[in-house]
Amino acid sequence: MLTTPCKIITGATLILKKDNNILLFKRNIPGKIAYGFFALPGDTVEHHETVKQAACREAEEEIGVRIIESDLSIVHMLRLREKYDEATNQTNQILLLYFVEASHWKGEPTNLEPQKHSELGWFEINDLPKNIFALNLLALDDIKKGNFYGEHGWNNAQ
């Protein structure tokens with residue numbers, strides 16, 4: 001069978017914890033990932049960046065906090081089949097999401113992109129909003145269980 005290479009996109013997702021709470025915001029761009037759901041800050045890693053550099057950049061751009069790379073730990077990786085062609089039985093796009101936890105940061109988190117996020121708040125880790133982005137919830141559950149790696153979307157029934 002002839003296979004074609006698939007596109008791989010890398011994302012950095014930031015976890016800020018304060019006591020037993022994590023920071024989430026509600027995404028509000030129709031048609032974009034996680035629209036209407038609470039989600040962890042983060043976005044795509046740019047071509048010139050490492051995962052930790054992207055997490056630092058996103059922290060500053062989205063929530064106005066400064067983080068240095070040495071204060072970050074990669075705590076989970078989620079491999080997601082984003083686009084699958086049933087006709088050819090081929091995966092066309094994979095998303096590798098790195099979940100990066102900050103041990104320290106400077107500044108108070110603020111919603112710097114109100115056009116993208118309608119709310120920003122701290123939520124108790126064991127009492128998260130019902131409308132949390134499913135992929136973030138999968139990763140947070142895996143992290144609680146001590147699982148560093150997870151996959152989603154490889155069974156067409158998922």
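The values are calculated or read from the model by the stated rules, or taken from the named source; none is laboratory data. Computed from a prediction, not measured in an experiment: that's the story for all the values here. Note that each Cβ is placed from the backbone with ideal geometry, even for glycine, and that neighbours are counted across all protein chains shown.
Details
- Scoring THR13 on the criteria (1) exposed (fewer than 14 other Cβ atoms within 10 Å of the Cβ); (2) at pLDDT 95 or above leaves a single failure, condition (1).
- The single condition among (1) surrounded by 15 or more Cβ atoms within 10 Å (Cβ to Cβ); (2) under 17 Å from ILE9 (Cβ atoms); (3) touching a residue at least 12 places away in the same chain (Cβ under 8 Å); (4) not aromatic (Phe, Trp, Tyr) that GLU101 does not meet is (2).
- Complete set of residues in the stretch 29-81 that are in contact (Cβ under 8 Å) with a residue 40 or more places away in the chain, over 14 Å from the mean Cα position of the chain (by Cα) and farther than 23 Å from ASN111 by Cβ: ARG81
- Members of the stretch 117-156 that are surrounded by 12 or more Cβ atoms within 10 Å (Cβ to Cβ) and either in a strand (DSSP E or B) or basic (Lys, Arg) (or both): HIS117, SER118, GLU119, LEU120, GLY121, TRP122, PHE123, ILE132, GLY150, GLU151, HIS152
- Members of the stretch 12-52 that are assigned to a strand (DSSP E or B), of a type outside the set (A, V, I, L, M, F, W, C) and closer than 19 Å to VAL65 by Cβ: THR13, LYS17, LYS18, ASN21, LYS26, ARG27, GLY42, ASP43
- Criterion violated by ALA59 - all others in (1) in a loop (DSSP other than H, G, I, E, B); (2) under 21 Å from LEU128 (Cβ atoms) satisfied: (1)
- The residues on offer are GLU82, GLU46, and the sole one that is at negative phi, at pLDDT 95 or above and surrounded by fewer than 21 Cβ atoms within 10 Å (Cβ to Cβ) is GLU46.
- Extreme residue, nearest to LEU23 (Cα to Cα), among residues of the stretch 112-147 that are of a type in the set (Gly, Ala, Ser) and more than 13 Å from the chain's Cα centre (by Cα): GLY121
- Residues (touching a strand residue (DSSP E or B) at 6+ places or on another chain (Cβ under 9 Å), surrounded by fewer than 18 Cβ atoms within 10 Å (Cβ to Cβ) and either among the acidic types (Asp, Glu) or within 10 Å of PHE99 (Cα to Cα) (or both)) located in the stretch 61-76: GLU61, ASP71, SER73, ILE74, VAL75
- Single condition LEU78 does not satisfy, out of (1) outside any strand (DSSP E or B); (2) in contact with a Leu (Cβ under 7 Å, 6 or more places away or on another chain): (1)
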